[in-house]
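Enquirer: I am attaching a structure below and will ask some questions about it afterwards.
What follows is calculated from the coordinates using simple rules that are stated; it is not laboratory data. What you are looking at is a predicted structure, and each value in this text was computed from that prediction instead of being measured. Note: ideal-geometry Cβ built from the backbone for every residue, glycine included; neighbour counts use all protein chains shown.
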Amino acid sequence: MNIHELTDAEREQMLEVLFKRLGIDRWHPTRKELEEEIVEYLSKKHPCTLATCGSNGEPRVSVVDYVNEGLNIYIFSEGGGKFKNLSENNKVGVGIGTSARTITSVRGVNIWGIAEVFTEDAPEFSHAMTLFKPLIDDFEKQTGAPVEFPAGMMRVIRIIPVKMIYFHYNRGVAHAVWEAE
C-alpha cells in the first residue's frame, strides 16, 4: 500500500470543502487576531498535556494544570520525570483541547516551545506564583487549609512558544499557524 503524505495545499482544499459542507464561513485570522484568539482560549484553562523527551529519546506525557500570561504558559509542579527530561532537552510540546462532541466543536491549540525551569530562589518563580494565586486561593477555600509545600520541592516551568497551530471550527478556523518572529 502506498502512503500519501498530505500536502499543505491538499489540507487547505479539504478544509475548504469541509467548512462549505458545514455551512461555516472559513476565517483566516491575521497574526494579531490569531494571538488574541489563542490567548482567550488559553485563559479558559482547558486540560493541558505537556510532552517532554530526554536524551534517551523516550517521550513522556504529563497532564498538568497551567496558567498563561499572554502566549506564555506556566506550570507549577513538585517533580517527576518531566524535570529529568527538561534538564536534558528543553524543547517541549503542549496540547490543549476541548472535547470534540461534534465536528464543529473542535477547538484547541498545539504548541511547540522552549521550556525553562525555575526554583523558589528565582524571581521568575515568585512572578509565576502571583499568576497561580487564584488557583491556590480556590484550593484553600475548598479544603479550609493553607497550601504548604516542603522547601525546595516546587518548581515552575515557563514555556515560550515558537510555533502554534490553532483550531476553532465553530468560528471557521482550522490549522491556523503562528510562528515566533
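Enquirer: Please work out which one of (1) loosely packed, with under 15 Cβ neighbours inside 10 Å; (2) of a type in the set (D, E, K, R); (3) over 30 Å from Ala9 (Cα atoms) is the condition Glu181 fails and give its number.
Expert: Going through (1) loosely packed, with under 15 Cβ neighbours inside 10 Å; (2) of a type in the set (D, E, K, R); (3) over 30 Å from Ala9 (Cα atoms) one by one, Glu181 breaks only (3).
Enquirer: Related question: Which one is farthest from Lys84 (Cα to Cα), of the residues in segment 125-170 that are of a type in the set (D, E, K, R) and touching a Phe, Trp or Tyr at 6+ places or on another chain (Cβ under 6 Å)?
Expert: Lys163
Enquirer: Let me ask something else about it. Of everything in segment 6-29, what is surrounded by 11 or more Cβ atoms within 10 Å (Cβ to Cβ) and among the charged types (D, E, K, R)? Give them in sequence order.
Expert: Passing the criteria: Glu10, Arg11, Glu12, Glu16, Lys20, Arg26.
Enquirer: State which residue pairs qualify: first residue under 15 Å from Phe125 (Cα atoms) and without any contact (Cβ under 8 Å) to a residue 60 or more places away in the chain and inside segment 141-155, second residue of a type in the set (D, E, K, R) and in a loop (DSSP other than H, G, I, E, B) in any location, beta carbons under 8 Å apart, and separation of 6 or more residues or different chains.
Expert: That search, which allows pairs on different chains as well, returns Ala151/Glu120; Gly152/Glu120.
Enquirer: Taking segment 120-146 as the region of interest, how many residues are over 25 Å from Asn72 (Cα atoms) and assigned to a loop (DSSP other than H, G, I, E, B)?
Expert: Adding up the residues that qualify gives 3.
Enquirer: Within segment 44-65, work out how many residues are surrounded by 11 or more Cβ atoms within 10 Å (Cβ to Cβ) and either among the acidic types (Asp, Glu) or within 21 Å of Met129 (Cα to Cα) (or both).
Expert: Total satisfying the criteria: 9.
Enquirer: Restricting to segment 116-160, name every residue that is more than 21 Å from the chain's Cα centre (by Cα), surrounded by 11 or more Cβ atoms within 10 Å (Cβ to Cβ) and among the aromatic types (Phe, Trp, Tyr).
Expert: Within segment 116-160, Phe139 is the sole residue that qualifies.
Enquirer: Here is a further query. Answer yes or no as to whether Thr104 is surrounded by 15 or more Cβ atoms within 10 Å (Cβ to Cβ), of a type in the set (S, T, N, Q) and over 22 Å from Met154 (Cα atoms).
Expert: Yes.
Enquirer: While we're looking at this one, here's another question. Could you list, in sequence order, all residues of segment 77-104 that are more than 21 Å from Val162 (Cβ to Cβ), out of contact with any helix residue (DSSP H, G or I) (no Cβ under 8 Å at 6 or more places or on another chain), of a type outside the set (Gly, Ala, Ser) and in a loop (DSSP other than H, G, I, E, B)?
Expert: Scanning segment 77-104 gives Glu78, Arg101, Thr102.
Enquirer: So for segment 66-74 (the condition being over 21 Å from the mean Cα position of the chain (by Cα), surrounded by 11 or more Cβ atoms within 10 Å (Cβ to Cβ) and not in a loop (DSSP other than H, G, I, E, B)), does at least one residue qualify?
Expert: Taking every residue of segment 66-74 in turn, none turns out to be over 21 Å from the mean Cα position of the chain (by Cα), surrounded by 11 or more Cβ atoms within 10 Å (Cβ to Cβ) and not in a loop (DSSP other than H, G, I, E, B).
Enquirer: For Gly79, only one of the following conditions fails: (1) of a type in the set (Gly, Ala, Ser); (2) surrounded by fewer than 13 Cβ atoms within 10 Å (Cβ to Cβ); (3) at negative phi. What is its number?
Expert: Gly79 satisfies all of (1) of a type in the set (Gly, Ala, Ser); (2) surrounded by fewer than 13 Cβ atoms within 10 Å (Cβ to Cβ); (3) at negative phi except (3).
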